[in-house]
Amino acid sequence: QVQLVESGGGLVQAGGSLTLSCAASGTIFSINDMGWYRQAPGRQRELVAVFTTGGITDYGDSVKGRFTASRDIAKNTVYLQMNSLKPEDTDVYYCRCTARRELGSPLTVHWGQGTQVTVSS
């Protein structure tokens with residue numbers, strides 16, 4: 001099983017910054033893609049930033065230019081530096097990855113438990 005543990009959420013004023021981290025652990029042969037999504041009550045989960053198989057980092061339109069994703073491949077960890085935060089960034093942020101437990105096994109999708117980010121105006 002693969003576990004994703006997020007940390008770094010909290011309360012911040014508009015214009016401030018937060019950094020989230022997500023570490024993957026467990027039985028992992030390889031990670032295919034890994035990144036961040038967010039969801040508010042009553043809304044669909046949306047892409048924030050993800051490292052794709054081809055090494056490309058995709059960002060959601062609403063965070064481009066403000067958020068920066070980075071990763072430590074050796075540690076199976078991704079980070080999300082969030083700058084110039086706005087009240088509309090208030091959401092639960094989820095870490096997601098697709099991974100193989102062993103060579104030749106199918107890709108499986110894994111989600112973290114989520115971390116709350118609240119931006120006050």
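The values are calculated or read from the model by the stated rules, or taken from the named source; none is laboratory data. As the structure is a prediction and not an experimental result, all values here were calculated from the model. Ideal geometry is used to build each Cβ from the backbone, glycine not excepted, and the neighbour counts take in all protein chains shown. Only protein heavy atoms, including side chains, enter the accessible area calculation; ligands, DNA and RNA are left aside. Shrake-Rupley method; radii C 1.70, N 1.55, O 1.52, S 1.80 Å.
State all residues of region 1-20 that are polar (S, T, N, Q), over 10 Å from T115 (Cα atoms) and in a strand (DSSP E or B); if no residue qualifies, say none. Once the filter is applied, which keeps residues that are polar (S, T, N, Q), over 10 Å from T115 (Cα atoms) and in a strand (DSSP E or B), region 1-20 yields Q3, Q13, T19.
I want to confirm something. Restricting to region 40-51 and keeping residues that are at pLDDT 90 or above and open to solvent by less than 50 Å² (accessible area, probe 1.4 Å), which single residue is farthest from G114 (Cα to Cα)? Looking at residues that are at pLDDT 90 or above and open to solvent by less than 50 Å² (accessible area, probe 1.4 Å), I get F51. In region 20-39, the residues that are touching a residue at least 40 places away in the same chain (Cβ under 8 Å) reach residues that are among the small types (G, A, S) and open to solvent by 30 Å² or more (accessible area, probe 1.4 Å) with C-beta atoms within less than 8 angstrom, at least six apart or across chains, in these pairs: L20/S7; L20/G8; L20/G9; S21/S7; S21/G8; C22/S7. The combined condition, being open to solvent by 50 Å² or more (accessible area, probe 1.4 Å), of a type outside the set (D, E, K, R) and under 16 Å from S17 (Cβ atoms), is not fulfilled by S62. Of everything listed in (1) touching a residue at least 60 places away in the same chain (Cβ under 8 Å); (2) surrounded by 16 or more Cβ atoms within 10 Å (Cβ to Cβ); (3) in contact with a helix residue (DSSP H, G or I) (Cβ under 9 Å, 6 or more places away or on another chain), the single unmet condition for S121 is (2).
State whether one or more residues within region 17-38 are at pLDDT 95 or above, surrounded by fewer than 16 Cβ atoms within 10 Å (Cβ to Cβ) and more than 20 Å from L4 (Cα to Cα). So far as region 17-38 goes, yes, one or more of its residues are at pLDDT 95 or above, surrounded by fewer than 16 Cβ atoms within 10 Å (Cβ to Cβ) and more than 20 Å from L4 (Cα to Cα).
The residue that is nearest to I56 (Cα to Cα), counting only those in region 1-16 that are open to solvent by less than 20 Å² (accessible area, probe 1.4 Å) and in contact with a His (Cβ under 9 Å, 6 or more places away or on another chain), is L4.
Listed by first and then second residue, the pairs linking a residue in region 83-109 that is surrounded by 13 or more Cβ atoms within 10 Å (Cβ to Cβ) to a residue that is charged (D, E, K, R) and assigned to a loop (DSSP other than H, G, I, E, B), with Cβ atoms under 8 Å apart and 6 or more places separating them unless they lie on different chains, are N83/R66; S84/R66; L85/R66; Y94/R45; T108/R101.
In the set (1) hydroxyl-bearing (S, T, Y); (2) closer than 22 Å to S105 by Cα; (3) free of Cβ contacts under 8 Å to residues at least 24 places away in the same chain; (4) surrounded by 13 or more Cβ atoms within 10 Å (Cβ to Cβ), T68 fails one condition alone, (2).
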